[in-house]
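Down below is the structure, laid out as structure tokens.
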Amino acid sequence: MNASTARRRHSAVFALLIVFGLVSLGTAYALVVPGRARAGVPAATGDQVTAGQQLFAANCASCHGMQAGGTPAGPSLAGVGAASVDFQVGTGRMPLAQPGVQAKRGTPQFSQTQIDQMAAYIATLGPGPGIPAAQYASGEGADVARGGEIFRVNCAMCHNFAGSGGALTRGKYAPPLKDIEGKHIYEAMVTGPQSMPVFSDANLDAEAKRDVIGYLHELDRNQNYGGPALGNLGPVADGYFLWGIGIPIMIGAAVWLARKAA
């Protein structure tokens with residue numbers, strides 16, 4: 001056995017290879033798993049985390065526990081990510097005013113700066129979805145037609161094809177999606193609040209989520225969900241038009257053709 005072979009088989013070489021592999025894997029995870037939706041989002045500072053922990057202890061710990069590990073009144077927040085905090089607190093659903101079947105949207109009780117601080121603290125408790133970058137959350141540059149197709153396939157069964165919301169089981173409901181900020185739509189997709197499923201990048205990538213946001217914002221601007229406007233009353237007006245005008249015309253045409261043939 002020569003010297004070079006001995007060096008390759010030395011136990012230290014295997015240890016170094018393991019360390020190198022772990023470092024490489026961790027680096028790849030850090031680069032790939034957070035996803036493109038986090039690109040451009042500033043990293044949290046130590047001061048933000050400290051301030052967020054203080055806000056959490058004063059306003060959230062009574063339900064979620066001092067270490068956010070959960071209690072009978074509220075679930076653990078380890079691993080929910082900054083996106084969950086930004087959505088729940090930013091839409092006024094949390095802190096929960098009183099127990100109920102479902103947390104309702106309300107007026108936020110904290111400023112965006114305070115929400116960012118709490119989100120930064122919760123993000124330190126475990127890996128989870130981050131707050132999306134504006135390039136995806138704004139809906140700018142979206143393929144609206146593609147977004148409409150994605151929405152109808154994945155979301156319309158609960159939220160209605162026009163985003164008007166709908167009833168679910170046991171008193172729960174899918175909320176209406178009118179005039180919702182783009183980042184909150186994105187955050188709902190990646191965190192799955194209430195009864196909503198989670199749409200990870202494996203299901204819908206960042207561009208697909210941006211397209212859905214663009215479609216919903218287009219509905220907000222134009223209030224036309226397909227077909228003749230008919231006063232923008234939606235499928236009810238379309239149905240009246242079909243039964244009141246379309247079908248009588250077809251019946252009349254059929255009768256006329258039958259008499260002519262006779």
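Here are a few things to note about the model shown:
- Check on LYS183, at pLDDT 95 or above, in contact with a Pro (Cβ under 6 Å, 6 or more places away or on another chain) and assigned to a helix (DSSP H, G or I): yes
- Just so you know, in region 74-92 the residues that are touching a Gly at 6+ places or on another chain (Cβ under 9 Å) and of a type in the set (A, V, I, L, M) include one that is surrounded by the fewest Cβ atoms within 10 Å (Cβ to Cβ), and it is ALA78.
- In summary, ALA37 fulfils each of the numbered conditions (1) over 28 Å from GLN135 (Cβ atoms); (2) part of a helix (DSSP H, G or I); (3) at pLDDT below 95 with the single exception of condition (1).
- Given (1) under 21 Å from ALA78 (Cβ atoms); (2) without any contact (Cβ under 8 Å) to a residue 60 or more places away in the chain, number of the condition ALA156 does not satisfy: (1)
- Candidate set: region 159-196, residues that are aromatic (Phe, Trp, Tyr) and open to solvent by 20 Å² or more (accessible area, probe 1.4 Å); chosen: the one farthest from GLN112 (Cα to Cα): PHE161
- Number of residues in region 224-262 that are at pLDDT below 75 and of a type in the set (D, E, K, R) equals 1.
- All positions within region 123-149 that are hydrophobic (A, V, I, L, M, F, W, C) and surrounded by fewer than 21 Cβ atoms within 10 Å (Cβ to Cβ): LEU125, ALA133, ALA134, VAL144, ALA145
The values are calculated or read from the model by the stated rules, or taken from the named source; none is laboratory data. All of these numbers come straight from a predicted model, not from anything done at the bench. We place every Cβ from the backbone using ideal geometry, glycine too, and count neighbours over all the protein chains shown. Only protein heavy atoms, including side chains, enter the accessible area calculation; ligands, DNA and RNA are left aside. Shrake-Rupley method; radii C 1.70, N 1.55, O 1.52, S 1.80 Å.
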